[in-house]
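Please treat every number below as a calculation from the coordinates, not as lab data. What you see is a predicted model, and the numbers here were worked out from it, not measured in a lab. Every residue, glycine as well, gets a Cβ built from its backbone with ideal geometry; the counts of neighbours run over all protein chains shown.
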Amino acid sequence: MKDIRVKNKYIVQTMNFLSDMKLKGEQSRSRSKIVRQLITVSHDLKIQESELNLEYIQKDKNGTPVVNNAGNFKVIEGKESEYFTEHQKWENEESEFSLEEVHLKNFFSALETYDELLSNENAEIYDILYDNIEASLN
């Protein structure tokens, strides 16, 4: 098994990027295994984020989180800076998952030959995946 590391803030975007890739056969199968691992990681991250939010989010008298006009949770007054610092730290932490080497090699081959145009977020996700998988295989 080989480990892959992705920053928490890129987990969902990575799943979306992978899901949109047009692949065949073994490369598609390997991609699906990566996506399944990311789904598990994403679930765990939602729990972690909820726990972090509980410390800083205002609640009404019934204990329900208060939402502002923009649809975001309202942070406890005076704790905004601390919350945003902690949330940003959490977003920049890396989550790790493992995959069998054969699937990494198959998927790395797909990345090497991928010929779709990439821009903005997808270009960044591609770069993160490429670097991580390449490092894992070496």
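Here is a list: LYS105, LYS46. Which entry is over 25 Å from SER136 (Cα atoms) and in a helix (DSSP H, G or I)? Let's see the steps before the verdict.
On the way: LYS105 fails: over 25 Å from SER136 (Cα atoms).
Every option except LYS46 fails the conditions.
Beta carbons closer than 8 Å, at least 6 apart along the sequence or on distinct chains, pair a first residue in the stretch 68-87 that is within 11 Å of ILE57 (Cβ to Cβ) with a second that is among the basic types (Lys, Arg) and assigned to a loop (DSSP other than H, G, I, E, B) for ASN68/LYS74. Mind checking which residues of the stretch 62-86 are exposed (fewer than 10 other Cβ atoms within 10 Å of the Cβ), charged (D, E, K, R) and part of a helix (DSSP H, G or I)? Those that are exposed (fewer than 10 other Cβ atoms within 10 Å of the Cβ), charged (D, E, K, R) and part of a helix (DSSP H, G or I): none in the stretch 62-86. Can ILE133 be described as part of a helix (DSSP H, G or I), crowded, with 16+ Cβ neighbours inside 10 Å and of a type in the set (Val, Ile, Thr)? It is true that ILE133 is part of a helix (DSSP H, G or I), crowded, with 16+ Cβ neighbours inside 10 Å and of a type in the set (Val, Ile, Thr).
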